[in-house]
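Before any comments, here is the structure.
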Amino acid sequence: MFTKVSIDRSDSFDKALRAFKRKCIKEGLLADMRRGEYYVKPSIRKRLKSAKARSRKARYGM
């Protein structure tokens, strides 16, 4: 998957870099990279998912 950012000639490099980072986060590229950093056993993955849901439920009071 390639991420393409269109910029004007008058835009600075910093502005283009910010747009690129924003687009990468929106497309979920960083999450995919982090997910593939190391192997997580399915049982641990389920446990983490459950813990994340519990914390989300506690935070938003569902």
Here the residues within region 30-45 that are surrounded by 11 or more Cβ atoms within 10 Å (Cβ to Cβ), at pLDDT 90 or above and assigned to a helix (DSSP H, G or I) are Arg45
Yes/no for Lys52 being modelled with pLDDT of 90 or more, of a type in the set (Lys, Arg), surrounded by fewer than 11 Cβ atoms within 10 Å (Cβ to Cβ) and assigned to a helix (DSSP H, G or I): yes
Checking the condition under 19 Å from the mean Cα position of the chain (by Cα) and of a type outside the set (A, V, I, L, M, F, W, C), which residue from Tyr60, Tyr39 passes? Tyr39
Where the second residue is part of a loop (DSSP other than H, G, I, E, B) and modelled with pLDDT under 95 and the first is more than 30 Å from Val5 (Cβ to Cβ) and lies in region 24-48, which pairs have Cβ atoms under 9 Å and are six or more apart or on separate chains? Leu48/Val40
Surrounded by 11 or more Cβ atoms within 10 Å (Cβ to Cβ), among the charged types (D, E, K, R), in contact (Cβ under 8 Å) with a residue 12 or more places away in the chain and assigned to a helix (DSSP H, G or I): does that describe Lys15? no
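The values are calculated or read from the model by the stated rules, or taken from the named source; none is laboratory data. For clarity, every value in this text was computed on a predicted model and none was experimentally measured. A quick note on method: Cβ atoms are made from the backbone with ideal geometry, for glycine too, and the neighbour counts reach across all protein chains shown.
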